[in-house]
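Take a look at the structure below.
The values are calculated or read from the model by the stated rules, or taken from the named source; none is laboratory data. Since the model is a prediction, treat every value here as computed from it, not as a measurement. Note that we place each Cβ from the backbone using ideal geometry, even for glycine, and neighbour counts take in every protein chain shown. The protein model used for the area step is the full one, side chains on, heavy atoms only, and it has no ligands, DNA or RNA in it. Shrake-Rupley method; radii C 1.70, N 1.55, O 1.52, S 1.80 Å.
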Number of protein chains: 6
Amino acid sequence: MKVGVYPGSFDPITLGHIDIIKRSSKLFDKLIVAVLINSAKTPLFSVEERVNMLKEETLFLENVEIDVFSGLLVDYMEKQKATAIVRGLRAVSDFEYEIQLAQTNHSLNSNVDTVFLTTNVQYAFLSSSVVREVASFGGELDHFVTSNVESKLREKFKQED
Amino acid sequence: MKVGVYPGSFDPITLGHIDIIKRSSKLFDKLIVAVLINSAKTPLFSVEERVNMLKEETLFLENVEIDVFSGLLVDYMEKQKATAIVRGLRAVSDFEYEIQLAQTNHSLNSNVDTVFLTTNVQYAFLSSSVVREVASFGGELDHFVTSNVESKLREKFKQED
Amino acid sequence: MKVGVYPGSFDPITLGHIDIIKRSSKLFDKLIVAVLINSAKTPLFSVEERVNMLKEETLFLENVEIDVFSGLLVDYMEKQKATAIVRGLRAVSDFEYEIQLAQTNHSLNSNVDTVFLTTNVQYAFLSSSVVREVASFGGELDHFVTSNVESKLREKFKQED
Amino acid sequence: MKVGVYPGSFDPITLGHIDIIKRSSKLFDKLIVAVLINSAKTPLFSVEERVNMLKEETLFLENVEIDVFSGLLVDYMEKQKATAIVRGLRAVSDFEYEIQLAQTNHSLNSNVDTVFLTTNVQYAFLSSSVVREVASFGGELDHFVTSNVESKLREKFKQED
Amino acid sequence: MKVGVYPGSFDPITLGHIDIIKRSSKLFDKLIVAVLINSAKTPLFSVEERVNMLKEETLFLENVEIDVFSGLLVDYMEKQKATAIVRGLRAVSDFEYEIQLAQTNHSLNSNVDTVFLTTNVQYAFLSSSVVREVASFGGELDHFVTSNVESKLREKFKQED
Amino acid sequence: MKVGVYPGSFDPITLGHIDIIKRSSKLFDKLIVAVLINSAKTPLFSVEERVNMLKEETLFLENVEIDVFSGLLVDYMEKQKATAIVRGLRAVSDFEYEIQLAQTNHSLNSNVDTVFLTTNVQYAFLSSSVVREVASFGGELDHFVTSNVESKLREKFKQED
């Protein structure tokens, strides 16, 4: 069984992430969307909230599982018997960073390969940080996230007032 | 009347900014240079100091106004009945970020467009952060800012000693 | 009166070009779309055919004129009393070439400035050469050109069989 | 059964191509390496020679087939019931061109997706055109191609003398 | 006597740094590897530890000296009667930043020039920050640093537990 | 004695080339400017004309020699006992191509290294092909080449009329 892992922060999940999840789920028998627990950053949504949003948005995809991980990605891959890391490519600066990650992971474990998909054009300039910033000023979010995620962003910024 | 807005931090205004202001002021009936109030960053110069430096450096340009804004740029544009955002492009990494901003702003308000000018070659590698760093070590500043701004930078770093 | 010039080969005009023409026509009192006569290249459509397609696609825009030019663009700009060159930016490799052109034109005539618009995301990867190649193999064209231009492409490749 | 297609000119096949073929063959049930017949270019090796070299170099990979195609890649994909195009990414300029191709192919047929692998670092700057140029001057080729391909390159340039 | 300076943080020195030091030491009569004292950052290794590691790894290179500096690099260059700054180039994003630094330094002192070497391909995606991150999770380090530096990294992260 | 080689087409020599020659001549005991004889291209100026222009423009630099070469650059380097190739870097697209060349040359002969200088900002967007195009239309050339080269370009395009 071929297992792929799509790692990320997903703070929060955007329409761009959903596009990559849908398309890459067709490439593997099982796709694990793995939320990175990064103690160095203060996220907007807790790990639990992010996992729940991911589960709600991927309910209709049978071979997709949501999980969390910390530490080296290659160690997590080995534990999951997964061989391919999935990443979405948006822009040139992404590409540089992603290629560095891919080469580092391949150096650490040569059984692990990284597979890139290009983000659909309409999401080519979308990122979670843009979404958080627009939400913080009460801007329109419907081109960026699902209505479910939008309402969670609205609540989050209401709490902060 | 066509109104353009040139947004930025201007901490402090450089010769590169002045070049963009001069050239873009010819493209519009009115050009508003809008200082972003960003509570997340600690600037070297206060908003008032930055507004004053901008006013001093653009006195000779009749259709240029200096203003401040916070929140979403597209909301500010609407309030000002402005339709074009002006941005200077320096390098490839600029380009990536700027195109993301431009697409996001166009998503948020399709009446708002972004117009890019390429920075004059002699300022192609100049930024406010470089200016602040060179000033902090007492380096030469005359290729980077006007003598007026230079003396304000000298004072600022004297105060800090 | 502010006059802008949008130069190009337009072989043929794509939906991306039409997007740039519409948006930049709002920035000037008059916008001239200027077809470059380049004796070094063999175009698919003759200059006359390209001018006619441009006229048909811009009929609804009152301040847009279609013209042809050869020689140095800055000389043509001077003859037309135009001060701004309009260019659409798609990708990083575009950006490099465009910035070189803009700086060269500014060196040749410092009154001439280049104004860049970013191509709308859905046309961000579209070019006339892609359109010609897809048309040559009978592929779908409706995401790329208008139905008018599509039928002219179909005829062109019928003639060549 | 999941079928991937790795299209290219392979004029000639390099160690970089072999690396991508090996790694991507693990991602699919069947991988078709498809040589593009491009009437606009004069290749060094004929289509038959290129197909034979590909067969010789991939004998040990059971799920890899060698084929040729002309016309639109998406039409070929449909005929082969293949859903993923495989491409190797080397550098930023590759990335731009590849993303344009991927988006165009997805526009032409939304069932077709492109999967990118990053070329192994030691082949990151290798291309068939570099190989041909070095071979034409009698330079060392053992870092670039297999000894089998090297001897075919030597013969080819002997014939031309 | 021609003197070159290779400035950096070297936190810690990687195999990529050693490659640049070896190759650039051949270009000058004396090469000074200069550790930047940057009060704004909290390094993993102290300046003393970094200087010692650099000394241990360059013992075999007779014309290489290790030093520290703070303030403007061009002032340090002048004090050392050095005329060339040495920098290793890895990727496009490096290139942008490095070119900005080189132009700024040349603006500040036109006698100072920057000489770039491209990092050997096998270290093209390696950086001190990647090394620190992999070490913090106990990952393999032998592709990235010498065994001497590896053992110092292991100690460092033991201390932190 | 340290010998550097600055290879290129120099068709014709620009102010940007002269800037690189001046600066790199300080880095070596001898600098050879080597004109590539490329039978695949039809140059504007003959090899003899290009060598003569290079000699005229570098008369004042005592350690600079002008030569021609064909075949592999690394073979020429060996014949000249030269160890460093000098190249000027302008833009990102240059960088990609140059890094590929540098890595290829290092693969072919590990004693040969490539040293990059960044082109002075005022020549950052200048190339021989831009010069030829502007000259062909009778445009201003004084920002691009010396008056000596300018008069040779004027003659050349007079001859062609």
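Observations, loosely collected:
- Expressed in Å, the radius of gyration and Dmax of the Cα atoms of segment D:31-85 are 12.0, 33.
- The relative contact order of chain E, computed from alpha carbon pairs under 8 Å that lie at least 6 residues apart in sequence, is 28 percent.
- The residues neighbouring B:Met53, those whose beta-carbon lies less than 13 Å from its own, together hold a net charge of -3 under the Lys/Arg +1, Asp/Glu -1 convention.
- Coarse-grained scattering of segment B:1-98 at q = 0.13, 0.19 Å⁻¹, given as base-10 log I(q)/I(0) from a Debye sum over alpha-carbon atoms: -0.43, -0.96
- Counting Cβ atoms of other protein chains within 10 Å of each Cβ in B:64-74 and taking the mean gives 2.
- Placing a label point 7 Å from Cα along the Cα-to-Cβ axis, F:Asp29 is separated from the same position in the other copies by 1.2, 6.7, 6.8, 6.8, 7.2 nm, shortest listed first.
- Over segment E:38-161, the alpha carbon radius of gyration divided by the compact-protein estimate 2.2 N^0.38 Å works out to 1.20.
- Rolling a 1.4 Å probe across the protein heavy atoms gives the protein assembly as shown an accessible surface of 44 Å² per residue.
- Taking every protein chain into account, the 1.4 Å probe leaves E:Asp142 with about 90 Å² of accessible area, to the nearest ten.
- DSSP beta bridges confined to the protein assembly as shown are antiparallel in about 0 percent of cases.
- Relative to the dominant Cα principal axis of chain E, helix E:47-57 is inclined by about 90°.
- Comparing Cα centroids, segment D:100-122 and segment E:40-90 end up 43 angstrom apart.
- Per-residue HN-Hα couplings for segment B:147-157 [Karplus 6.51, -1.76, 1.60; θ = phi - 60°; Hz; x = Gly/Pro]: 5, 4, 5, 4, 5, 5, 5, 4, 4, 4, 7
- Of the GluC sites (Glu not before Pro) found in segment D:75-161, the ones in coil according to DSSP and having at most 14 other Cβ atoms within 10 Å of their Cβ are D:Glu140.
- Label-to-label distance, E:Ser110 versus C:Glu56, with points set 7 angstrom from Cα along the beta-carbon direction: 5.8 nm.
- Heavy-atom accessible surface of segment C:3-160: percent carbon and sulfur, 1.4 Å: 48
- For chain C, leaving out every one of the trypsin sites (Lys or Arg not before Pro) that falls in a DSSP loop and has at most 16 other Cβ atoms within 10 Å, the longest unbroken run is C:82-161.
- Label geometry 7 Å along the beta-carbon vector: A:Glu140 inter-copy distances in nm: 2.6, 4.5, 5.1, 5.1, 6.1
- With the label put 7 angstrom out from Cα along the Cα-to-Cβ vector, D:Gly71 ends up 4.8, 4.8, 5.3, 5.7, 7.3 nm from the copy partners, going from closest to farthest.
- Chains F and E together bury roughly 2000 Å² of accessible surface, counting both sides and using a 1.4 Å probe on protein heavy atoms.
- For F:Val145, distant residues with modelled amide H under 5 Å away: F:Leu15
- Summing charges over all other residues whose Cβ lies under 14 Å from the Cβ of E:Lys22, with Lys and Arg as +1 and Asp and Glu as -1, gives -2.
- Annotation: the protein assembly as shown has a Kirkwood hydrodynamic radius of 30.5 angstrom, from the mean reciprocal C-alpha pair distance.
- Among the listed pairs D:Lys152/F:Lys79; A:Lys22/E:Lys41; A:Lys22/D:Lys26, those whose Cα-Cα separation exceeds 32 Å are A:Lys22/E:Lys41.
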